Amino acid sequence: TLVADFKAVNRDRDPASTKTFSAVLTTTGQAGASSPLNVTLRTRGHLRLNPRTCGFVPLGVNFVKKEAAGTAFDGQSKLKLVTHCQNDDRFDQRVLREYLVYRLHNLVTPHSFRARLARATYVDAASGKTVATRNAIFIEDEDDVARRMEGRALSLPRVQFDDFDRESLTQMMLFQYMIGNTDVSIFALHNVAMVTTPANVFYPITW
């Protein structure tokens, strides 16, 4: 459950925005015990920030590491949260399909983002009313992917195909073709993260 001023959050539609919003994230464990965490939210993305595309924005969740210790978010500092875009059952199913794509990618290569499915309830802080209860996905941070690859994440736009490990690049492009995703650009680093290893080999990692 996320409690925040979602009216203010959903008004922040600028892709270049650096605004953050206070929130409380609560998870319920198997024994029924709840773990409330003070977090901050930010809006993210490009196409999904357009109000004509999505009525509910995708989110980034920033954690306080000390508070997250011992919870499901132990060790995390920030995670992307894929939300439902529109508050209806069709878009709820789209979140599930997106989650399956991440799991498929994990089967193809370890150089991919891990994902965790959640059932998220969004509550307006002022009124206490539930805004929506929908499927959502937490996506591994790129720094953690890089750490698993014994490398580090970079942000170098305008790179060329020849700059990347050829086998990984071919595999990435074939996978994107298989799932029908054209919303990716290496040149613009759109939906692509870069990881470099100590051997100075560059790998593309896609969301």
Would you mention how many residues in the stretch 95-117 are open to solvent by 60 Å² or more (accessible area, probe 1.4 Å) and assigned to a strand (DSSP E or B)? 2
Considering (1) open to solvent by 30 Å² or more (accessible area, probe 1.4 Å); (2) within 14 Å of H105 (Cβ to Cβ), say which one R166 fails and leave the rest. (2)
With the condition kept exactly as written, say whether any residue in the stretch 96-118 is out of contact with any His (no Cβ under 8 Å at 6 or more places or on another chain) and under 20 Å from N10 (Cα atoms). no
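Quick one: in the stretch 133-159, which of the residues that are among the hydrophobic types (A, V, I, L, M, F, W, C) and either modelled with pLDDT under 95 or in contact with a Gly (Cβ under 7 Å, 6 or more places away or on another chain) (or both) is nearest to Y99 (Cα to Cα)?
In the first step, residues of the stretch 133-159 are kept if they are among the hydrophobic types (A, V, I, L, M, F, W, C); the result is 136-139, 145-146, 149, 153-154, 156, 159.
Narrowing the set further to residues that are either modelled with pLDDT under 95 or in contact with a Gly (Cβ under 7 Å, 6 or more places away or on another chain) (or both) leaves 145-146, 149, 153-154, 156, 159.
On the way: V145: 17, A146: 21, M149: 22, A153: 23, L154: 25, L156: 27, V159: 28 Å.
The qualifying residue nearest to Y99 (Cα to Cα) is V145.
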So A132 ticks every box in (1) open to solvent by 60 Å² or more (accessible area, probe 1.4 Å); (2) in contact (Cβ under 8 Å) with a residue 60 or more places away in the chain but one. Which box is left unticked? (1)
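Yes or no: the stretch 154-167 includes at least one residue that is within 30 Å of A72 (Cα to Cα) and part of a loop (DSSP other than H, G, I, E, B).
Taking the stretch 154-167 first, the residues within 30 Å of A72 (Cα to Cα) are 154-155.
Subsequent filtering for residues that are part of a loop (DSSP other than H, G, I, E, B) retains 155.
Looking through the stretch 154-167, at least one residue is within 30 Å of A72 (Cα to Cα) and part of a loop (DSSP other than H, G, I, E, B).
If I ask for residues that are of a type in the set (A, V, I, L, M) and either in a helix (DSSP H, G or I) or closer than 16 Å to A115 by Cβ (or both), which ones from the stretch 137-152 would you list?
The initial filter retains those residues of the stretch 137-152 that are of a type in the set (A, V, I, L, M), namely 137, 139, 145-146, 149.
Within the stretch 137-152, I137, I139, V145, A146 qualify.
For (1) aliphatic (A, V, I, L, M); (2) on the phi > 0 side of the Ramachandran plot; (3) out of contact with any Cys (no Cβ under 6 Å at 6 or more places or on another chain); (4) open to solvent by less than 20 Å² (accessible area, probe 1.4 Å), each residue gets a yes or a no:
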| position | (1), (2), (3), (4) |
| --- | --- |
| Q93 | no, no, yes, no |
| T121 | no, no, yes, no |
| A146 | yes, no, yes, yes |
| P157 | no, no, yes, no |
| S185 | no, no, yes, no |
| L189 | yes, yes, yes, no |
Just checking, does the stretch 105-117 include any residue being small (G, A, S), modelled with pLDDT of 95 or more and closer than 30 Å to M178 by Cβ? yes
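The values are calculated or read from the model by the stated rules, or taken from the named source; none is laboratory data. Keep in mind that this is a model prediction, so the values were computed, not measured. Cβ coordinates were reconstructed from backbone atoms using ideal geometry, including for glycine residues, and neighbour counts include every protein chain displayed. We work out accessible area using only protein heavy atoms, side chains counted, and drop any ligands, DNA or RNA first. Shrake-Rupley method; radii C 1.70, N 1.55, O 1.52, S 1.80 Å.
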